[in-house]
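Please read the structure below before turning to the comments.
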């Protein structure tokens, strides 16, 4: 049995998946198995991935989304640790070695994540470091301070996960939901390696770029609510954390709508919910209302500034 199972969910990733696979197979840490799940691609993704057999296992399913594809890989995982790499991202050669060392040194840590570089479709660097340096990650920080985890950087300790942890009802926030549950189950023991060990590729076909702002905001709120509900019997989340987490999710739903210039009424309702749940968000809510007014009237500064 390998110490790490690596899982890639791939959908129409033919232009990039070979580079992704080769970056995994080139890891200096060799004690891993690798599962690629083709999520019903209509291009040659499956054929390209299959060229690397038997160094990896390639599975195929009807198109059901990245969460369902990851679930299939996680269900078959045998490693103590499980790591994700998306089909258009690239790992640095020492990524797994650094994470395994860090997780081995802290037997109670539920997850480990690293910094990342943002690159364009051609591989050119757009941002040297995607994540600002920070202290130990907590659920409160993840829910109210911005989730700092880039999915392709994460390694989970498998004992904190269900065999199929990703909820198909939450795209694109299903990974956020799993992060929260893993954090909470491990008493918020997370390891952050502030080194860019992943190249995160920004392409027009990514889920976050395709999804409607209203759906993105709604999914974020559902992820927080599902986390709270899932933990209710196992390890209840304190009411104060519930209140602040849901308030911020309402606020972010409004922010996505205002930033995209859609669903003004929805944005205003979500800001009201946010302030009712957490009065501390009132100044930020007022600023968002000013941005909304500026967008609709054409007066005032650029609302994106």
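The values are calculated or read from the model by the stated rules, or taken from the named source; none is laboratory data. All figures in this text were calculated on a predicted structure; none of them were measured in a lab. Positions of Cβ are generated from backbone atoms using ideal geometry, with glycine treated the same way; all protein chains shown enter the neighbour counts.
Here are the numbers:
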read-out	value
Condition check for residue 241: in the same structural domain as residue 147 (by TED's automatic domain parsing) and under 27 Å from residue 275 (Cβ atoms)	no
Positions within the stretch 225-270 being in contact (Cβ under 8 Å) with a residue 40 or more places away in the chain and either touching a strand residue (DSSP E or B) at 6+ places or on another chain (Cβ under 7 Å) or not in a helix (DSSP H, G or I) (or both), in sequence order	235, 237, 262, 263
Filter result for residue 295 (modelled with pLDDT of 95 or more and either farther than 17 Å from residue 145 by Cβ or touching a strand residue (DSSP E or B) at 6+ places or on another chain (Cβ under 7 Å) (or both))	no
Counted residues, the stretch 85-122 - those being in contact with a helix residue (DSSP H, G or I) (Cβ under 8 Å, 6 or more places away or on another chain) and assigned to a loop (DSSP other than H, G, I, E, B)	9
Candidates 268, 262 - the one that is surrounded by fewer than 19 Cβ atoms within 10 Å (Cβ to Cβ) and either modelled with pLDDT under 95 or under 30 Å from residue 92 (Cα atoms) (or both)	262
Any hit, the stretch 168-180, residues being part of a helix (DSSP H, G or I) and surrounded by fewer than 17 Cβ atoms within 10 Å (Cβ to Cβ)	no
Spans of helices (runs of 4 or more DSSP H) in the stretch 1-84 with at least 1 residues in contact (Cβ under 8 Å) with a residue 40 or more places away in the chain and within 24 Å of residue 98 (Cα to Cα)	17-25, 66-75
Failed item in (1) in contact with a strand residue (DSSP E or B) (Cβ under 9 Å, 6 or more places away or on another chain); (2) in a loop (DSSP other than H, G, I, E, B); (3) under 19 Å from residue 83 (Cα atoms), with residue 134 passing the rest	(3)
Hits in the stretch 192-216 - residues which are surrounded by 19 or more Cβ atoms within 10 Å (Cβ to Cβ) and either over 25 Å from residue 11 (Cβ atoms) or modelled with pLDDT of 95 or more (or both)	192, 196, 197, 198, 199, 200, 201
Within the stretch 152-167, tally of residues that are in a helix (DSSP H, G or I) and crowded, with 22+ Cβ neighbours inside 10 Å	2
